[in-house]
Structures are given as C-alpha cells and as structure tokens.
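Structure incoming, see below.
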Amino acid sequence: MPSDAPQAPAHPTYAAAFRCVGPACEDPCCSDWNIPLDRGTYELYQRFPPEPLGTRVSEYVFRNEPGSPQELFAQLYRTPEGSCPFYGADRLCGIHKEYGPRALSATCSIFPRSLSRVDGVVEGSLSLSCPEAARQVLLDPHFESAQADLFSGDFRTDNVFPLASDNEQPGKPAEAFLGYRSRILGLLKDRSAPLSLRLLRVGALCSHLTDPSSPILDDAALSALPANLGLRLNVVFSLSDALVRDTISARFRDVFWGYIEGLGSEIPVAPGDDLARFRHAEQAYYGPFLEQYPHILENYLVNAAYQQLLPYGPGGSVGLSTGTIFNQYIQLCAQFAWLNTLLVGLSARHREDFAGQHVIEAVQSFTRAFEHYPATLVEMIETLNETNLYSLEGMAIMLGT
C-alpha cells in the first residue's frame, strides 16, 4: 500500500459513516426479500391505526411458528409485485416517514451496515448490495480508515453477528482471530503481486490453518497451478444463466447480457474465439483500468473480509455455519472469481469507455443476488464440487492465473 495511506483501525467502524440517498437510489433495497421482525417491532406495528399503515400490517405482517427466537418473532412479506408493502410511490419508506427511524425493524434500520462482534468489540462493514455503499467502498482508496460512531443512535445495534468459535468449529481459537485477519488483509493489500496471486496466497494460508500438516505453498508453486479458461468461462456462464433465471434482478440481468455481448459476435465464429476475445479484453481494457484504479477490487475484497469475518466466519447459528477456515476462503474467492470474470466481459463490451460505474453496477447487482437469494451460494458450491473446482487448484482456474 502507498506509504501515505491512513492506518486502518483494528476494528472497522466505517459503516457508521454511511448515509442513505433515499429517492435518488437507483436500486432501492425495499424489494426482493421478506424482512424478519423481532417481537418488539411486531407489537409496535400491531398498534398502527388502520390508516395510513395499519391495514398494510394486517395484510403483510405475520407471526412465525410458536417457539421461534424473539428476533425472528414475525415476518414482513413482499407484495405480489415484489416490493415492501410500506414502500411508497415517492420512493420512501412509509414507516420511516410516518413514525421515524426508531420504528424500523433491525434489518431495515441497520442495512446496508453489517455489524459483528470481535474480541468484545462491535465492528461495522457494509453490504455492497446497496449502490451507495458500493460507491463508498469501491471508489475511496482509504475507505476503511473512516472512523465513525457505531452507537450514535442513528441506527439499531441489536442485530450483531458473533464470531464463529472453537466450540462450533475446531481450529478457530478466538484469541488468534485478529492476528489471522491482519495477516490476510496484509496479503490482500500487497500490490507487488496481482490480485489472483494474492488470493492464492490467502488460500494457501487458509489451507494450512485448516490442516497444519498442509504446507504453505510459495509463489512459484502457486503460479504453477493449472489454468483452464474454457472451463472457467463455462462455469461462470452456467452460474450466471441460472441466477438470471432464478431471480428477478433486472440489474444483474443487464450485467450478464453485457458480458455476453462483450464476448459474443454477430457472425458465426470458430471454436475458441470467445476465449481469444476474453484474453484480448483482459489485456486491452480490463488490465489498464485496474492499473489506473488498483484500489477498486482490492477494496471489494477487504470489505468482504470484514463483512464475512474471514477466516472464521460468523457463528452462533446453524444457518450461519460456514465450516472450516478453508471453506470460508473458498466462498469468498469463488464469488470474487465469478464477479471478476463478468467484469472482464463487461470491459469487452464497453472497451475504452469501461469505467468505475460499470464495476459498481456489477458488484452491487451481483452482491444483491447473493444476499437476497441464499440459494445462489448453495448452487455455486454445488457447481464447484461437480466440476472438481472446490480446491486451491480449482480457485487458480477460476481466478485465471
């Protein structure tokens, strides 16, 4: 990193500096998902008068099964059109407008912030499924150095992810986490190596932390891992096509079609021409863009490391179980490799006009598809297993080393 870069804090708080742009948002968060409600929020909503919001509560807010945790006491369901029933024609939240921010559910109040507890300290990173959060993280070379008050009262702080513990998954001693994370962040920020090699270095470390008998491969061994561009493009096409079919994200569909147009041709082509176009775009358009803005994808990975609590992952719930340290690495690396491949195709589509806004659109819509449709992660892992790519060697193929 540049010597004049501000020192990042051990526990990030940059999420608290986020400010929603409201009606100006190009892809509002008030659609595509059902929102869990804690008991207190549910009971508050039951006291709303019929107009303007009470009738909507009776239509779309329902208790979960008896015995559900208090924080999952009820559910706010989408309308048939896929949006929140309280989202108005003015592109504002009716609850926020009528009763203020303190009436929001934990999910709505905190989003796109992601709060975690590490070593007894609350941290705040950002979900890049929000366009404004994506801009804040990707465009600022020193985004993680911003310090703000996570307990300002501007948003709720009662939905905090704990760190996975040694009790849940052996090999995750709490006292070692900060040291491991610092080492991983250092590897991700080492601009003397390309991002693909940095990620393989992280993978070699995570493999060793999972199985201490596994040696930490050096750069020569990592660089010698096999490449298979045809397989990489086939996997990305298959995953992206399934995602477009399974979700209603028009924004991601546009990104995918941009990728297809970038690598496609209007005339019949010989086998392998798409590989040649991909390699040309990577060299002529994508590579020069990353040289000019080396922080953009690096920031994506650093924020993801904070948000996903790499290398341990979140704990405290069966639904959040992430398995071994190496499993956690694979999830992050494979998502990045998928996204990175799409970006090369987009650079082929836009050529010299490829810009940061194209990256933001791709990152935001891609992240939103993962976070709003949990089956996406499951399908990705299944595909990696079916194609024998769920390994460090497989990540080398997906990264295109």
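The values are calculated or read from the model by the stated rules, or taken from the named source; none is laboratory data. Computed from a predicted model, the values in this text were never measured in an experiment. Don't worry about glycine lacking a Cβ; one is built from the backbone with ideal geometry, like all the others, and counts go over all protein chains shown. Quick note on the areas: whole protein, heavy atoms, side chains included, nothing else; ligands and nucleic acids left out. Shrake-Rupley method; radii C 1.70, N 1.55, O 1.52, S 1.80 Å.
On average, how much accessible surface per residue is there in the chain, in Å², for a 1.4 Å probe, leaving out ligands, DNA and RNA?
Using a 1.4 Å probe on heavy atoms only, each residue of the chain averages 46 Å².
Please state, as a whole number in µm²/s, the translational diffusion coefficient that the Stokes-Einstein equation yields for the stretch 341-386 at 10 °C and 1.306 mPa s, with Rh defined as the Kirkwood radius across alpha carbon pairs.
Answer, rounded: 133 µm²/s.
Sort all Cα-Cα distances of the stretch 203-252 into consecutive 5 angstrom bins from zero, then give the percent of pairs in each bin up to the one containing the longest distance.
That works out to 4, 17, 13, 12, 12, 14, 13, 11, 4, 0, in percent per bin.
Another question, then. Would you work out the Kirkwood radius for the stretch 164-276? I mean one over the mean of 1/r across all pairs of different Cα atoms, in Å.
After inverting the pairwise mean of 1/r, the radius is 17.8 Å.
Along the Cα→Cβ direction, 7 angstrom out, place labels at Arg102 and Arg279. What is the inter-label distance in nm?
Taking the simple label geometry, Arg102 and Arg279 are separated by 6.4 nm.
Something else now. In nm, to one decimal, how far is the modelled label at Val378 from the one at Arg183, with both set 7 Å along Cα→Cβ?
For the pair Val378/Arg183, the computed spacing is 3.4 nm.
How large is the helix-only mean residue ellipticity at 222 nm for the chain, computed as the sum of -39500 (n - 2.57) over DSSP H runs with n ≥ 4, divided by its residue count, in deg cm²/dmol to the nearest 500?
Computed ellipticity for the chain at 222 nm equals -14500 deg cm²/dmol.
Another question, then. Over all pairs of distinct alpha carbons, what does the Kirkwood formula give as the hydrodynamic radius of the stretch 91-158, in Å?
Result for the stretch 91-158, one decimal place: 13.4 Å.
Take the Cα coordinates of the stretch 18-93, assign each an equal point scatterer, and use the Debye formula without solvent to give log10 I(q)/I(0) at q = 0.13, 0.18 Å⁻¹.
Ignoring solvent entirely, the Cα scatterers give -0.43, -0.79.
With an 8 Å Cα cut-off and a minimum separation of 6 or more residues, compute the relative contact order for the stretch 93-184 in percent.
Relative CO of the stretch 93-184 lands at 27 percent.
Same structure, new question: If you restrict to DSSP beta bridges whose two residues both lie in the stretch 87-238, what percentage is antiparallel, to the nearest 5?
Around 80 percent antiparallel, to the nearest 5.
Moving to a separate point now. Running Debye on the stretch 81-197 with equal point scatterers at the Cα sites and no solvent, what base-10 log of I(q)/I(0) appears at q = 0.14, 0.23 Å⁻¹?
-0.83, -1.43
If you don't mind, another one. Within 10 Å, count the other beta carbons around each residue, average over each peptide in 34-43, 152-161, and list them highest first.
Per-residue mean Cβ counts within 10 Å order the peptides as 34-43, 152-161.
Relative contact order of the stretch 267-401: what whole-number percent is it, with Cα pairs under 8 angstrom and at least 6 residues apart?
Computed value for the stretch 267-401: 26 percent relative contact order.
Please report the antiparallel percentage of DSSP beta bridges with both residues in the chain, rounded to the nearest 5.
Among the beta bridges of the chain, antiparallel pairing accounts for roughly 90 percent.
What do you get for Rg/Rh of the chain when both radii come from the Cα atoms and Rh is the Kirkwood radius?
0.97
For the stretch 298-401, how big is Rg over Rh, using alpha carbon atoms and the Kirkwood form of Rh?
When Rh is taken as the Kirkwood radius, the ratio is 0.98.
Provide the packing ranking of 103-116, 10-23, i.e. peptides ordered by the mean count of other C-beta atoms within 10 Å per residue, highest first.
Most protected by this proxy first, the peptides run 103-116, 10-23.
Give me the percent relative contact order of the chain, please, defined on Cα pairs under 8 angstrom at least 6 residues apart.
Over the chain, the number comes to 21 percent.
Name the cysteines of the chain that stand alone by the Cβ rule: no other cysteine Cβ under 4.7 angstrom.
Those would be Cys20, Cys25, Cys29, Cys93, Cys108, Cys130, Cys206, Cys333, since no other cysteine Cβ in the chain comes under 4.7 Å of theirs.
For Leu72 and Arg117, FRET efficiency with R0 = 25 Å and r from the beta-carbon atoms, rounded to 0.05?
Using R0 = 25 Å, I get an efficiency of 0.85.
Please work out the Cα center distance from the stretch 298-368 to the stretch 51-121, rounded to the nearest Å.
If we compute the Cα centre of each part, the gap is 26 Å.
Once you have the Cα-Cα distance between Ile216 and Asp149, take 0.36 nm times their residue separation minus that, and quote the gain in nm to one decimal.
20.2 nm
Then there is this: What percentage of the solvent-accessible surface of the chain, computed with a 1.4 Å probe over protein heavy atoms, is contributed by carbon and sulfur atoms?
Exposed carbon and sulfur together represent 53 percent of the surface.
Tell me, how many Å apart are the Cα centres for the stretch 140-175 and for the stretch 187-207?
So the separation of the two Cα centres works out to 23 Å.
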